[in-house]
Amino acid sequence: MKIALLGYGKMGKVIERIALERGHEIVLKKDEFNTYDGLSTADVAIDFSVPSAAVSNISASFNANVPVVSGTTGWLEHYDEMIALCNEKKGGFISSSNFSLGVNIFFGLNEYLAKIMNQFDSYKVSMEEIHHIHKLDAPSGTAISLAQGVIQNSNYANWTLEEAKANEIHIEAKRIGEVPGTHTVTYDSPIDSIEIKHTAHNREGFALGAVIAAEWLAGKQGIFSMKDVLNLK
């Protein structure tokens with residue numbers, strides 16, 4: 001399979017290594033200094049760039065009839081535009097805040113726990129996410145996905161980085177050293193606390209998941225998620 005890497009930072013280099021180990025070919029390594037030359041020859045594009053470049057990368061891929069796997073976060077105010085373009089071009093698209101197998105299992109566990117805890121008013125939910133100091137967006141896309149998972153399965157209406165109101169989920173975003181990503185969901189009451197936590201040890205899980213998603217998406221049309229890729233629905 002021919003892969004275009006849109007974004008060639010630390011994650012892009014890990015994705016490249018894993019893709020090559022799995023027998024794939026890299027036909028483009030796009031960064032801020034080069035063009036999209038070679039994109040049209042790809043079977044699939046993997047976008048791990050920065051928020052300011054994601055929309056251009058995804059648009060260029062759809063316009064070149066190349067399906068896209070995007071792990072960039074912080075650009076979702078343009079998500080509906082990209083969905084519309086994907087449908088117009090009859091493209092294929094997977095956008096996820098986190099491609100790690102473990103995190104996607106964690107998403108499911110979070111949603112299930114939210115359904116249970118919605119019966120007990122004495123517990124208040126909050127979240128903490130810790131990432132490396134180079135991460136540009138806060139809270140993380142993974143933390144937002146976790147919050148949305150709770151909101152969709154409870155009476156909570158919103159999340160906030162500020163002091164939370166009664167129907168809001170407080171997210172504390174920390175940037176420390178080179179931490180790959182740690183996410184904690186806590187239900188706290190005056191009597192006790194219930195906590196679920198996911199800790200990434202390195203970038204390997206994110207990169208492997210993205211390559212697996214690209215392998216799955218190649219040749220497909222439509223809007224998909226990691227639940228489709230991993231058969232977690």
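The values are calculated or read from the model by the stated rules, or taken from the named source; none is laboratory data. As the structure is a prediction and not an experimental result, all values here were calculated from the model. Note: ideal-geometry Cβ built from the backbone for every residue, glycine included; neighbour counts use all protein chains shown. Note: accessible area is taken over every heavy atom of the protein model, side chains too, but ligands, DNA and RNA are not part of it. Shrake-Rupley method; radii C 1.70, N 1.55, O 1.52, S 1.80 Å.
A few points about this structure:
- Summed over region 97-108, residues that are closer than 12 Å to THR184 by Cα and in contact with a strand residue (DSSP E or B) (Cβ under 8 Å, 6 or more places away or on another chain) total 2.
- Of all the residues in region 135-167, those that are free of Cβ contacts under 8 Å to residues at least 40 places away in the same chain, within 15 Å of THR72 (Cα to Cα) and open to solvent by 20 Å² or more (accessible area, probe 1.4 Å) number 1.
- Residues of region 53-72 that are farther than 14 Å from ILE94 by Cβ and β-branched (Val, Ile, Thr): VAL55 alone.
- Selected residue (criterion: least open to solvent (accessible area, probe 1.4 Å)) from residues of region 32-56 that are closer than 21 Å to ILE212 by Cβ and assigned to a loop (DSSP other than H, G, I, E, B): ALA42
- Failed criterion for ASN65 (all others in (1) assigned to a loop (DSSP other than H, G, I, E, B); (2) at pLDDT 95 or above; (3) touching a strand residue (DSSP E or B) at 6+ places or on another chain (Cβ under 6 Å) hold): (3)
- Search result, residues across region 70-86 that are of a type in the set (Gly, Ala, Ser) and farther than 15 Å from ILE223 by Cα: GLY74
- Verdict on GLU129 being crowded, with 17+ Cβ neighbours inside 10 Å, in contact with a Gly (Cβ under 8 Å, 6 or more places away or on another chain) and acidic (Asp, Glu): yes
- Exactly one residue out of GLY209, GLY181 is touching a Phe, Trp or Tyr at 6+ places or on another chain (Cβ under 6 Å), surrounded by 13 or more Cβ atoms within 10 Å (Cβ to Cβ), closer than 24 Å to GLY12 by Cβ and not aliphatic (A, V, I, L, M): that is GLY209.
- Enumeration of residues in region 15-47 that are within 22 Å of the chain's Cα centre (by Cα) and at pLDDT below 95: ASP31, GLU32
- Out of GLU16, GLU81, sole residue that is touching a strand residue (DSSP E or B) at 6+ places or on another chain (Cβ under 6 Å), over 20 Å from THR142 (Cβ atoms) and in a helix (DSSP H, G or I): GLU16
- Lone qualifier among GLN148, GLN119 - being within 30 Å of ILE46 (Cβ to Cβ), polar (S, T, N, Q) and modelled with pLDDT of 95 or more: GLN148
- Flag: ASP121 matches the condition of being closer than 25 Å to ILE194 by Cα and open to solvent by 10 Å² or more (accessible area, probe 1.4 Å).
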